Amino acid sequence: MAMTKEEYIQQEVLPLTQFLLSLLLFPFGVITILLLSILDYFVTPDNFTKFLIYRIITASLIMGLYFILKLKENKILQSIITILGTLTIATMVEVMIFSFGGHQSSYYAGMIIVFVFVLGFIPLSLRMTALVSSMVYAIYFVPIMLFDHITNLPVFINNNIFLISFIFGGLAWRYYNNQLLMKKLSLEYDLAQDKKQLADYSHQLEDMVEERTKELRKSETMLKSLYENANDGIVITDTEGVIIDVNKRAAELHGFDNAHMKGLNVAILELEKNRAVWDERRKRLLDGEALIFETEHYRKDGSAIAFEVS
């Protein structure tokens, strides 16, 4: 059964998502999490050791998700690992936010990095992207509202507006990229179908040509048999009367073999008294006139033989 366009697109998106998600988990995810510990050292030296432990634990969990992902290429598994990996990193960032400044913490920028990786790299559906983004934002917003005492409302509002704006911008970017990807895969599918149809048509054409060739060979064999074994002599000439081919009977009547007659001009075979008439008849034949006439030809031994020519 032929694959539909939707099935083709799903088939192509699955390995692409597998590849990008694997790359995002390791090496990019793990290395980025650990490298940002350098930032911790300069921004909050007092929390450096604690944050490094958070980062190592998170990187280890991400590596575990990476190995699980490698076990099987499955859409549901990809979605689960995307959600778990995103929530794991977002939770780490939120713990750091609470450890350093709470609602005023500059570590809220870590949520932006999470959005960049999820919205920018993984070809998730728009619905899944919106779900993951909402969960990340909830991890940032809800704990602060429940457990943090907001003393600098303008900063907190600014951070939230920036995060929400980034989410909507990321969703628009993901939608645009998904549309491009769908158009690309749709075009690939159409081209593949056209190529398949062309290949099918080519095979049909080859079969038709082969069948036609067999028929032509059969007809050629039959006509050649009729030509060679006809009781009447058959002579084929060019427009000047030069003999191109003769059948066996024509050669026998003239006392020649086939090879010796080829290349002779019919006018040479005509008795001298008929040569002028032959030239006139040749011109009439070239004009498309059908002629039946009597004439005499020389034989190889010099004797004459009378013919009725059609």
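The values are calculated or read from the model by the stated rules, or taken from the named source; none is laboratory data. These numbers were taken from a predicted model, which means no experiment stands behind them. Cβ: placed from backbone, ideal geometry, glycine included. Neighbour counts: every protein chain shown. Calculation scope for accessible area: heavy atoms of the full protein, side chains included, ligands and nucleic acids excluded. Shrake-Rupley method; radii C 1.70, N 1.55, O 1.52, S 1.80 Å.
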Q: Please specify each residue of region 142-167 satisfying the condition of being outside any helix (DSSP H, G or I) and either open to solvent by less than 70 Å² (accessible area, probe 1.4 Å) or of a type in the set (D, E, K, R) (or both).
A: Asp148, Ile150, Asn152
(Q) Consider region 192-219. How many of its residues are within 18 Å of the chain's Cα centre (by Cα) and open to solvent by less than 100 Å² (accessible area, probe 1.4 Å)? (A) 6
**Q.** Matching option when the condition is out of contact with any strand residue (DSSP E or B) (no Cβ under 6 Å at 6 or more places or on another chain), in contact (Cβ under 8 Å) with a residue 60 or more places away in the chain, closer than 21 Å to Leu181 by Cβ and surrounded by 15 or more Cβ atoms within 10 Å (Cβ to Cβ), among Thr17, Thr86
**A.** Thr17
Q | Flag if Phe121 is under 34 Å from the mean Cα position of the chain (by Cα) and open to solvent by 60 Å² or more (accessible area, probe 1.4 Å) | A | yes
(Q) Looking at (1) touching a residue at least 40 places away in the same chain (Cβ under 8 Å); (2) over 17 Å from Gly29 (Cα atoms); (3) within 39 Å of the chain's Cα centre (by Cα), which one does Leu77 not meet, given that it meets all the others? (A) (1)
**Q.** Search result, residues across region 187-234 that are among the charged types (D, E, K, R) and within 30 Å of Ile305 (Cβ to Cβ)
**A.** Lys224, Glu228, Asp232
Q. Restricting the search to region 106-116, which residues are surrounded by fewer than 18 Cβ atoms within 10 Å (Cβ to Cβ) and either in a loop (DSSP other than H, G, I, E, B) or among the hydrophobic types (A, V, I, L, M, F, W, C) (or both)?
A. Ala109, Ile112, Ile113, Val116
Q: From Val155, Val136, Val116, grab the single residue that is modelled with pLDDT under 90 and of a type in the set (Val, Ile, Thr).
A: Val116
Q. Which one of Ile53, Ile33 is aliphatic (A, V, I, L, M), modelled with pLDDT of 95 or more and either more than 30 Å from Leu126 (Cβ to Cβ) or not in a helix (DSSP H, G or I) (or both)?
A. Ile53
Q) Among strands (runs of 3 or more DSSP E) lying entirely in region 221-310, which contain 1 or more residues that are open to solvent by 80 Å² or more (accessible area, probe 1.4 Å), touching a His at 6+ places or on another chain (Cβ under 6 Å) and in contact (Cβ under 8 Å) with a residue 60 or more places away in the chain? A) none
Q) How do the pairs read when you match residues in region 159-182 that are touching a residue at least 40 places away in the same chain (Cβ under 8 Å) with residues anywhere that are open to solvent by 60 Å² or more (accessible area, probe 1.4 Å), using Cβ under 7 Å and keeping only pairs 6 or more apart or on different chains? A) Leu171/Leu126; Arg174/Leu126; Tyr175/Leu126; Asn178/Leu126
Q.
Quick check on region 103-119. Is at least one of its residues in contact (Cβ under 8 Å) with a residue 40 or more places away in the chain and farther than 25 Å from Asp148 by Cβ?
A. yes
